[in-house]
Amino acid sequence: MGSGLGIGLLGLGTVGGGVASILQNPNERHPLVADLRLIRVAVQDLKRPRSVELPIELFTTDPFKVVNDPTVDVVVELIGGIEPARSLILQAIAKGKSIVTANKAVIARHGQEIADAAAKAGVYVLIEAAVGGGIPIIEPLKQSLGGNRINRVSGIINGTTSYILTRMVNEGAAYESALEDAQNLGYAEANPAADVDGIDAADKIAILAALAFGGSVDRSNIPTTGISHLKGRDMDCASQLGYSVKLLAVAERMKESAEPLPLSLRVQPTLIPNDHPLAGVNGVNNAILVEGDPIGQVMFYGPGAGAGPTASAVVADILNIAGIRQAGKMENRVDPLLAASSWRNCVLVDQSKIRQCHYLRFCTQDTPGVIGRIGGCFGEQGVSIQSIIQLNANKANAEIVVITHEVSQSKMEAATKAIEALPEVINLAAHLGCL
Ligand code: NDP
Ligand code: HSE
């Protein structure tokens, strides 16, 4: 396998296996692929069956042996999680090695520390595979869209939840069995709660926001709701009303310009009108819609998880480093467009200030005038209603579904509190975002 850049692979699971398979089969790929030399591979369990056959002498169960090997030029971290991934990355950087990683969890939380260490050492940390699986989105945000002022980045950026919701809607599959299939297909995280609770999508939107707006955000402060409490009834109501429900991640600027720049970030199940480009994103596919000035809207779409697509992104990053080295440009100075650089501070606005449209489903007694009283509560709090309808009325109770125009979270909370206090209202059965 090649005689050029020495590759040390940390992890030979779903993604690591996909990467090794590309390195083993360079035919008809870019000629630089054939130049990559797989030197060492760290795994946890030497006896586990692998998707690729590699010489046994390459393997170790001590990932630090890979990081400290002087013949390894690039460390490809595909272990996942925070530790030991963070320490391994920092140690590799300290040894003057560039990093390629698909690990959004560590980059979303320790990206600044890692970027600072890389800048000091004059090496690269490339993360194309960390967001959107096989979709090129990191490099476009760093380079191809660099001439734009980005206003908003929104997208479906978790393949597991996209796959689960699609199976539930299209086939009536049960949530648990769709999740199990996503795990068997290699889409889900080691702990799939990261997927279904929206944590993985929040990691990814934090990374996209940092690149789009030029400064890292407080990862711990992103309002996040997953799909595990999403009810089939709301997916049915959404469908009747002409919407699809997706786990949507959004990052938007709240001011044209300010220091620090205020941003609004959120992850939540969201109703998307069926004629919106994101509504047609199904299965394991992801899509990221970038809105900027002067480009307008540009959407990146493709497979968001899985061995092959993710390995495609990892190998692209390795090739970038191989290309730079071949051009003789690795002399402790990094290309500022390829490096992860921040140029300002960003701050998340208080959750109460986040503005969006809302979908609400109330269970109420089926008494005359209830829609009017609910509408009145919204009006008193300055919440403008896009549509309000009564569904499923029977002898005992009714369902009232409301879609609002864009409004702040604080006004919405005041309105829902007043509505829940109405004697005819049994409960607020569901509250989702809406585009
Ligand atoms: P897997 O669980 O399939 O693979 C993890 C690999 O790391 C395994 O080979 C495991 O060894 C090895 N490993 C774990 N801990 C250690 C350790 N302490 N020392 C040495 N080796 C270790 O994960 P994935 O391939 O799915 O994911 C890898 C990374 O890529 C994660 O950060 C994930 O978030 C990210 N990612 C995954 C995608 C996907 O579709 N799966 C898509 C995009 C990003 P062993 O095999 O012996 O257990
Ligand atoms: N678990 C992640 C997902 C892998 O399903 O999107 C890709 O990052």
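Rg and Dmax of the range 142-302, Cα atoms, in Å?
Cα radius of gyration and Dmax of the range 142-302 are 15.9, 49 Å respectively.
On a 0 to 90 degree scale, rounded to 10, what angle separates helix 307-326 from the longest Cα axis of the chain?
That helix lies at roughly 50 degrees to the long axis.
Taking other Cβ within 10 Å of each residue's Cβ, how do ASP275, ASP181 sort, fewest first?
ASP275, ASP181
Looking at this model, which pairs from LYS353/LYS411; LYS255/LYS411; LYS104/LYS246; LYS104/LYS204; LYS97/LYS120 are more than 18 angstrom apart at the alpha-carbon?
Working: LYS353/LYS411 9 Å; LYS255/LYS411 20 Å; LYS104/LYS246 21 Å; LYS104/LYS204 6 Å; LYS97/LYS120 12 Å.
Violating the 18 Å limit, Cα to Cα: LYS255/LYS411; LYS104/LYS246.
If I measure Cβ to Cβ between cysteines in the chain, which ones have no partner under 4.7 Å?
CYS237, CYS346, CYS363, CYS377
Taking neighbour Cβ counts within 10 Å as the exposure measure, how do HIS431, HIS276, HIS229 sort from fewest upward?
Details: HIS431 18, HIS276 15, HIS229 10.
If I rank by nearby Cβ atoms, fewest first, I get HIS229, HIS276, HIS431.
If you restrict to DSSP beta bridges whose two residues both lie in the chain, what percentage is antiparallel, to the nearest 5?
Values: 53 of 76 bridges.
So the antiparallel bridges amount to about 70 percent of the total.
Mind ordering 407-418, 25-36 by average Cβ neighbours within 10 Å, highest first? Walk me through the numbers before you get to the answer.
Numbers: 407-418: 18.2, 25-36: 14.4.
Per-residue mean Cβ counts within 10 Å order the peptides as 407-418, 25-36.
Output the relative contact order of the chain, whole-number percent, from Cα pairs under 8 angstrom with separation of 6+ residues.
16
Taking K and R as +1 and D and E as -1, what net charge do the other residues with C-beta under 12 Å from the C-beta of ILE138 add up to? Please list the in-between numbers first.
Numbers: positive: LYS104, LYS142, LYS204; negative: GLU128, GLU139, ASP317.
In short, 0.
Working from Cα positions, state the angle (0 to 90°, nearest 10) between the long axis of helix 14-24 and the longest principal axis of the chain.
Relative to the chain, helix 14-24 is tipped by roughly 40 degrees.
Taking the number of other C-beta atoms within 10 Å as the exposure measure, put ASP335, ASP195, ASP62 in order starting with the fewest.
Neighbour counts put them in this order, fewest first: ASP62, ASP335, ASP195.
On a 0 to 90 degree scale, rounded to 10, what angle separates helix 159-171 from the longest Cα axis of the chain?
Value to nearest ten degrees: 50.
Coordinate-derived values only; no laboratory data. These figures come from a predicted structure and were not determined experimentally. Cβ atoms come from the backbone with ideal geometry, glycine included; neighbour counts cover every protein chain shown.
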